1. Please list 176-182, 99-105 highest first by mean number of surrounding beta-carbon atoms within 10 Å per residue.
2. Pop a pseudo-label 7 angstrom from the Cα along the beta-carbon direction at both Ala15 and Val179 and give the gap in nm to one decimal.
3. Binning at 5 angstrom from zero up to the longest distance, how are the C-alpha pair distances of region 95-143 distributed in percent?
4. Please label the shape of region 136-186 as rounded, prolate or oblate, based on the square roots a ≥ b ≥ c of the eigenvalues of the alpha-carbon gyration tensor (a/c under 1.5 means rounded; beyond that, a/b larger than b/c means prolate, else oblate).
5. Rounded, prolate or oblate: which fits region 55-194 when a ≥ b ≥ c are the square roots of the eigenvalues of the alpha-carbon gyration tensor, with rounded for a/c under 1.5 and prolate only if a/b beats b/c?
6. For the ranges 113-122, 70-79, what's the packing order if you count other beta-carbon atoms within 10 Å of each residue, average per peptide, and put the highest first?
7. From the backbone phi of region 104-109, what are the Karplus-calculated ³J(HN,Hα) couplings (6.51 cos²θ - 1.76 cosθ + 1.60, θ = phi - 60°) in whole Hz, Gly and Pro given as x?
Amino acid sequence: GGARAPPPPPPPLPAPPIRAEVRGAPRANAAAKDSSWVADRAPLEALMRSAEVGPINELLLATDSGELLEGSQTNFYAIVDGAVHTAGEGILEGTVRRLLLEVCGREGTPVVLSPPRLADAGRWEGALISSTSRLLLPVDELYVPPDGEPSGEADRVAVFANGPGSLAARLQALVAAEVEAHSTEIGLPAALAT
């Protein structure tokens, strides 16, 4: 076997403000990312691209009762009273989600495995999304646009302070450090490095 090139670096993180909007229903089968799911999501993503407020970074999916289970490409979390709230079932449990839950356990940050409710967004201290390409990313602004309309300023329902010292920023740094600690640099054998 020959030497393999390392995988490409992940794409750069989007620049703040990170915006998420709530539109659409959760997948019938969270474990499946099938072609119908991609087709169903396409018109919603087109609306995201036409948002008047600037780039929308993620589409959050809500149940009929307003529970936020996950994003279209991410896991979702709300910070409420110093605790991380995230759905415990009905979602695809990502690797970065697992790392976040481990970090919370180690750091003594409470975790509530119950989906955050959109009606409570005004009480949230923060919100986060996670994926392998974005790791853990604090959400700065949350929008709930009317069906079929792009997000505008009037649709913003929450703004979160994610500066230094916030729990969202602390968790983001801890998860990034955890990923770095579990990453292994693979160098070329000495004979090939010359």
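1. On the way: 176-182: 12.1, 99-105: 18.0.
Packing order, densest peptide first, comes out as 99-105, 176-182.
2. Going by the 7 Å Cα→Cβ label model, 2.0 nm.
3. 4, 16, 25, 27, 20, 6, 0
4. oblate
5. Values: a/c = 2.11, a/b = 1.75, b/c = 1.21.
Prolate is the answer for region 55-194, as a/c is 1.5 or above and a/b outweighs b/c.
6. Numbers: 113-122: 16.3, 70-79: 23.9.
Highest-to-lowest ranking by the protection proxy: 70-79, 113-122.
7. Those phi angles translate into 4, x, 5, 8, x, 8 Hz.
None of the figures in this text is laboratory data; all of them are computed from the coordinates on show. Predicted model, so just to flag it, every value in this text is computed and none were measured. Counting neighbours? That spans all protein chains shown, and the Cβs are built from the backbone with ideal geometry, glycine included.
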